[in-house]
Every structure is written in C-alpha cells, then in structure tokens.
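The values are calculated or read from the model by the stated rules, or taken from the named source; none is laboratory data. From a predicted model like this one, the values you see are computed outputs, not experimental measurements. FYI the Cβ positions are ideal-geometry reconstructions off the backbone, even for glycines, and counts take in every protein chain you see. The accessibility values were calculated without ligands, DNA or RNA, using every heavy atom of the protein model including side chains. Shrake-Rupley method; radii C 1.70, N 1.55, O 1.52, S 1.80 Å.
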Amino acid sequence: MQDLSSVFPNCANLKMKAKRLEYDGDIIRLKKGLYVASPLTSRLKLSPFLLANHIYGPSYVSMQTALRYYGLIPEAVYSVQSMTTGVARDYENTIGTFNYIHAPARYYSIGVTMRESAGATFMIATPEKALCDLMVFTPNLNLRFQTSMRDYLEDDIRFDMDALLNFDLDIIKDCAEVSRKKTMLNQLIKFIENERNI
C-alpha cells in the first residue's frame, strides 16, 4: 500500500484503487495490505519462495518444500512450507498455499542459507536443516531405532539416501543441541555415520 501511495500520490482512496487494480488483474493480493505486481503487468515470473519470505516473517522455506527443491524427495509438494519465529499461520491466495510453522529462535537460526532461482533470491533451509525441521516438527514422529530411521527415510519420505553421504553433520548436531527431539536427531547422525562406513 505504501508503494501504491507513491505511484498514485493524488489518489484519495488507496484501498479502492488497490481493489480496482486487483480486479483488473494488474496486481495480486497476497494477504491484507500486501500485493504483488501481476506477471502480466511486470513481465516477471513470480517466485513462490520469495513471496513466502515476504508474506510472513521472519521466515525461511523448509521441510518437504525445500527437500523437493533440492531434489531429495520425489513427491510434488503443493504448498510452500516455511519455518518462522512467529506464531504458526497459514495463508492462501491465488498464487498458492503458504504454511508457517513456529520454531524457537535458538533453533530457527541454524542452517539457513540464501539461494537464487529465476532472478529471485530467497531464504531457505540447507538440505540438512530441512530434514531436521521435517523430523522435529512432524507431530508424533519418534524414531528411536536405526531400523525405524531407515524405514522413515527410505519408505515414508523416499529420501535420496546417497545424498546423506555429503551431509554436513555439524548442522544436524547444532540442531540436536537445541531441539526438543535431541534423541531422534542423534539417531539420524548415527544413521548417517553408519551409512558412510558401509
């Protein structure tokens, strides 16, 4: 809305102007008071990940969305999942569905990186952090044994097991130190170490 006021300084009713621009397809409403120029108007492709960072923040893209982005799981993901230090929230607009999961500040700050895709730069979890986020914040998930860890990775989420060989274990260790599921993340570390020794 602030940008609209600079583009239309003499407009007496910016809310009505925004509604009109939205109706005409010039802008897209992301949430109350937040709009983005339509690709038809800007000639630029929208990045759902960059939009996710702006719709609600602070936040970074994670969980299945990030794992799919890195090519670590085969299934398509139909919403953009993000972690936030704020209250958990969901948003839905014409671009898609955006889910935000609360994480404590000490845990949140580990393993976050910037990536660029199609001219957009956005905040996203590293592969290691995305997997930790998925495991820690999936309700009722408790993998206490190596066999259950393998079943979860291979069968439940169909993870690219070869990628584990290149994982940065320090990120997982840092997550484990401040996570509410420390035992499970330590099991993940042990699992990866065993895989590397085969």
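Just one residue in the set TYR69, TYR108 is of a type outside the set (Gly, Ala, Ser), under 30 Å from ARG43 (Cβ atoms) and within 14 Å of the chain's Cα centre (by Cα); that residue is TYR69. Restricting attention to segment 121-150, the residues that are open to solvent by less than 10 Å² (accessible area, probe 1.4 Å), β-branched (Val, Ile, Thr) and either in a loop (DSSP other than H, G, I, E, B) or out of contact with any Lys or Arg (no Cβ under 6 Å at 6 or more places or on another chain) (or both) add up to 0.
Results for (1) of a type outside the set (Phe, Trp, Tyr); (2) closer than 13 Å to LEU131 by Cα; (3) exposed (fewer than 12 other Cβ atoms within 10 Å of the Cβ); (4) in contact (Cβ under 8 Å) with a residue 24 or more places away in the chain, shown as yes or no for each residue.
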| position | (1), (2), (3), (4) |
| --- | --- |
| TYR152 | no, yes, no, no |
| ASP155 | yes, no, yes, no |
| LEU169 | yes, yes, no, yes |
| CYS175 | yes, yes, no, yes |
| LYS190 | yes, no, no, yes |
| GLU193 | yes, no, yes, yes |
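What about SER109, is it modelled with pLDDT of 95 or more, closer than 28 Å to ASP155 by Cα and out of contact with any helix residue (DSSP H, G or I) (no Cβ under 6 Å at 6 or more places or on another chain)?
Working: modelled with pLDDT of 95 or more: yes; closer than 28 Å to ASP155 by Cα: no; out of contact with any helix residue (DSSP H, G or I) (no Cβ under 6 Å at 6 or more places or on another chain): yes.
So SER109 fails the test.
On the basis of being touching a residue at least 24 places away in the same chain (Cβ under 8 Å) and open to solvent by 50 Å² or more (accessible area, probe 1.4 Å), does LEU165 make the cut? Yes. GLU92 meets the conditions (1) closer than 20 Å to MET184 by Cβ; (2) more than 12 Å from the chain's Cα centre (by Cα) in every case but one. The failed one is (1). All conditions but one from (1) in a loop (DSSP other than H, G, I, E, B); (2) touching a strand residue (DSSP E or B) at 6+ places or on another chain (Cβ under 9 Å) apply to PHE159; the one that does not is (2).
Listed by first and then second residue, the pairs with beta-carbon distance under 8 Å, at least 6 apart or on different chains, first residue in segment 20-47 and touching a residue at least 60 places away in the same chain (Cβ under 8 Å), second among the β-branched types (Val, Ile, Thr) and open to solvent by 40 Å² or more (accessible area, probe 1.4 Å), are ILE28/THR94; ILE28/ILE95; ARG29/THR94; LEU30/ILE95.
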